[in-house]
Amino acid sequence: MSEPKVWAKKSTFIFAAAGSAIGLGNIWKFPYMVGENGGGAFVLVYLLCVLLIGLPVMMSETIVGKYSHGNAIDAISKTAERSNASQWWKGTAVLGMITIFIILSFYSVIAGWAFDYTYNFAIGEFTGKSADQVGKFFGDLLADPKRLIIWHSVFMILTALIIARGAQEGIEKSLGIMMPVLFILLIAIVGYSMFATGKFSQTMDYMFSMDFSKVTPMVVINAMGQAFFSLSLGMCVIMTYAAYMRKDVSITESSIYVTGLDTLMALLAGLAIFPIVFANDMNASAGPGLLFVTLSTAFAQLDTIGLVLGVAFFFLVIIAAVSSSISMVEPFVKWCEERFGVNRFVTTFVYCFAVWAFGLISLFSFNIWGKVDVLGTGKNPFDLLDFVSSSILLPLGGLLVALYVGWGMSKKISREQLFSLNGFFFGLWLFVMRFIVPVLILLVFVSSILGEAKMNAIINQIAAYF
Ligand code: PHE
């Protein structure tokens, strides 16, 4: 048998998994979710979700991938065979691949906005614009399918070019450049926010003062969903990267690093953005427009510094997005390559073209199809795809991974893989995977299907019994 393909450097798994995890979820979504869900309360609950659910699930996916050194479908198949478990568990990986196909299709459209912003900041288009004008700029961008298609295409081509070159030549080498640039840019912007705006303590207060009255069930649910999305869990992405892991790398340690880095970057994104927003007397709870309207308006008011900050910031968003998108293409390409022996280059481009074409559905939902109501759901095609993938398929994938590793797969495999854990921590990990994680995910799952109003009604009813 040929030697399994592994990363050239020991640290690459951490870099690669962190690159996957750190993305639009950290820089775009996390800050606006903090704003929408009551600041510090959300941050605290999010941190708990990461520690209690994120870390153990990250370790689980890594175990399966590292054990088998193959694509996610075969990885599950191989571990299931050793465990005398049903081959049906492979469905977990299939579901994961379907989920990332959908997520990538609109992820690319949104990443495209960052390209447009980087370009327009660079040519000085934003300089001096008022809040209304920036709002109009954003509205005009979304209303213009041609402009969106150009950037959506650029993003998918870039992703394909990296993946087509292979795990070591493409992923490992590109991440070696992208990740340091990402850290440096973010730290530079946090530095600016910290020293130049005078709003740092207000931000610390906003993000870290724990007002427990704001912790509603919905805040918990949103935080958990965000933890899964941000850590790239439940889609066999981490499992796929773990297949390239070297034998001498510890799963526990790596998982702690990746989870920690992802969380750190989300918090830093908040520390970079909120001071600038506060310094301009703007509203932190602007929702998805927080970066593209609120923060951009703040940059627009800062003349030359604003131009530099704008370019740096949106370039940072692009890098974070590319390092995540490549991880969404790799699982399928690796599977095709290993299963059918097909050419990697061709597979990558065909797959990326399919994602690109499917992405047009979301792209048109921001303009010509904006008012289309799919099957009477009250959602346009993009909203529906976002809801189905992020709120249904994602938790479902997470649940399946937890059930498989906790119950389906033999304990022997995990015990052997988590060799660096002592008996107590191994027992704790297994307990969490078997009982805590499935119950919590099930809760998110049911509530996201029922919706906020019904969920609150049920919780109130239960509370009334006590
Ligand atoms: N974790 C990435 C982010 O935070 C998104 C992602 C989702 C990446 C699913 C891979 C798989 O933006």
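The values are calculated or read from the model by the stated rules, or taken from the named source; none is laboratory data. Note that the coordinates shown come from a computational prediction; the quantities given were computed from them, not determined experimentally. Quick reminder, even Gly has a Cβ in these numbers, built from the backbone with ideal geometry, and neighbours come from all protein chains shown. Heads up: the accessible areas ignore ligands, DNA and RNA and are worked out on the full protein's heavy atoms, side chains in. Shrake-Rupley method; radii C 1.70, N 1.55, O 1.52, S 1.80 Å.
To the nearest ten degrees, helix 303-340 and the longest principal axis of the Cα atoms of the chain are 20 degrees apart. Measuring only protein heavy atoms, the 1.4 Å probe finds K29 accessible over about 40 Å².
From the protein chains alone at 1.4 Å, what is the descending order of accessible area for Y119, Y404, largest first? Walk me through the numbers on the way to the answer.
Values: Y119 120, Y404 5 Å².
Largest accessible area first, the list is Y119, Y404.
Here the contact order of the chain, divided by its residue count and restricted to Cα pairs under 8 Å and six or more residues apart, works out to 34 percent. If one takes the longest principal axis of the Cα atoms in the chain, at what angle in degrees, from 0 to 90 and to the nearest 10, does the Cα axis of helix 394-403 lie? Tilt relative to the chain: about 30 degrees. Of the residues P56, G23, G376, the one whose Cα sits farthest toward the positive end of the charge dipole of the chain, with +1 on the Cβ of Lys and Arg and -1 on the Cβ of Asp and Glu, is P56. Compute the Cα gyration tensor for segment 242-381, then decide on rounded, prolate or oblate, letting a ≥ b ≥ c be the square roots of its eigenvalues: rounded whenever a/c is under 1.5, prolate when a/b is larger than b/c in the other cases, and oblate in all that remain. Oblate. Note on segment 57-134: dipole from Cβ charges, positive end direction compared against N120, Y67, T99; the farthest Cα belongs to Y67.
Ordering H152, H69 by how much accessible area each has at a 1.4 Å probe, largest first, what is the list?
Details: H152 0, H69 35 Å².
Output order, biggest surface exposure first: H69, H152.
Rounded, prolate or oblate for segment 319-466? Axes are the square roots of the Cα gyration tensor eigenvalues, ordered a ≥ b ≥ c, and the cut-off for rounded is a/c under 1.5. Because a/c hits 1.5 or more and a/b fails to exceed b/c, segment 319-466 counts as oblate.
For segment 348-419, dividing the convex hull volume of the Cα atoms by the residue count gives 141 Å³ per residue. Accessible area per residue was computed with a 1.4 Å probe on protein heavy atoms; F435 scores about 100 Å².
One-quarter of the Cα convex hull surface for the chain, in nm²? Computed as one quarter of the Cα hull surface, the answer is 22.6 nm². The listed residues K412, K199 rank as K412, K199 when sorted by accessible area, largest first, using a 1.4 Å probe. For helix 173-196, what angle does its Cα long axis make with the longest principal axis of the chain, in degrees from 0 to 90 and rounded to 10? Helix 173-196 sits roughly 40 degrees off the main axis of the chain.
What is the dipole size for the chain, taken about its Cα centre, with +1 at each Lys and Arg Cβ and -1 at each Asp and Glu Cβ, in debye to the nearest 20?
Magnitude of the dipole: close to 1060 debye.
Sum -39500 (n - 2.57) across every DSSP H segment of at least 4 residues in the chain, then divide by the residue count to get the 222 nm mean residue ellipticity, nearest 500. Could you put the intermediate results ahead of the total?
Details: 22 runs with 322 residues, N = 466.
Only helices count here, giving -22500 deg cm²/dmol.
Per the Debye formula on identical point scatterers at the alpha carbon atoms of segment 135-287, with no solvent, log10 I(q)/I(0) at q = 0.16 Å⁻¹ is -1.31.
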